[in-house]
Amino acid sequence: QVQLVESGGGLVQAGGSLRLSCAASGSIRSINSMGWYRQAPGKQRELVASITTGDSTNYADSVKGRFTISRDNAKNTVYLQMNSLKPEDTAVYYCNLKVRRLRGGENDYWGQGTQVTVSS
């Protein structure tokens with residue numbers, strides 16, 4: 001049906017950068033928004049950044065000024081540019097897709113997760 005393919009995670013030193021990407025494919029009627037969440041060991045999953053079809057963006061306070069979310073509507077792809085990475089950014093990052101339902105509301109889809117590890 002719908003598939004989200006993530007890439008770009010890995011190991012990086014503090015102060016370095018990574019760029020995550022997520023491409024959506026399958027039977028998608030209309031996308032409301034795409035975003036990134038993360039989950040560290042012993043923590044709840046939290047919103048990192050999101051972007052709507054109107055290019056309205058939202059960021060967690062902890063990443064403002066360091067991370068930038070963007071999208072390519074033609075490719076149904078969302079990106080997360082992460083700069084000035086800190087050890088506390090270490091987590092599994094999940095791509096999220098919100099699709100408008102035919103009869104109201106929206107459905108959520110999730111990527112498999114990609115590990116980001118920042119060493120000191």
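The values are calculated or read from the model by the stated rules, or taken from the named source; none is laboratory data. Note that the structure is predicted; figures quoted are calculated from it, not measured. Glycine also receives a Cβ, built like all others from the backbone with ideal geometry; neighbour counts cover every protein chain displayed.
Go through (1) among the hydroxyl-bearing types (S, T, Y); (2) touching an Asp or Glu at 6+ places or on another chain (Cβ under 9 Å); (3) more than 18 Å from Q39 (Cα to Cα) for Y94 and report which single condition fails.
Among (1) among the hydroxyl-bearing types (S, T, Y); (2) touching an Asp or Glu at 6+ places or on another chain (Cβ under 9 Å); (3) more than 18 Å from Q39 (Cα to Cα), the lone unmet condition for Y94 is (3).
Identify, please: which residue in the stretch 1-32 is modelled with pLDDT of 95 or more and of a type in the set (S, T, Y) and is, among those, surrounded by the most Cβ atoms within 10 Å (Cβ to Cβ)?
S21
Of all residues in the stretch 89-120, how many are basic (K, R) and part of a loop (DSSP other than H, G, I, E, B)?
Residues that pass the stated criteria total 2.
So for the stretch 52-64 (the condition being among the charged types (D, E, K, R), at negative phi and at pLDDT 95 or above), does at least one residue qualify?
Yes, there is a match, as at least one residue in the stretch 52-64 is among the charged types (D, E, K, R), at negative phi and at pLDDT 95 or above.
Restricting to the stretch 42-78, what's the tally of residues that are more than 18 Å from R19 (Cα to Cα), of a type outside the set (D, E, K, R), in contact (Cβ under 8 Å) with a residue 12 or more places away in the chain and part of a loop (DSSP other than H, G, I, E, B)?
1
Quick check on the stretch 33-70: of everything there that is basic (K, R) and within 28 Å of G105 (Cα to Cα), which residue is surrounded by the fewest Cβ atoms within 10 Å (Cβ to Cβ)?
R45
Could you list, ordered by first residue, the pairs with Cβ atoms under 7 Å in which the first is in the stretch 95-120 and without any contact (Cβ under 8 Å) to a residue 40 or more places away in the chain and the second is not in a strand (DSSP E or B), at least 6 apart or interchain?
N107/R101
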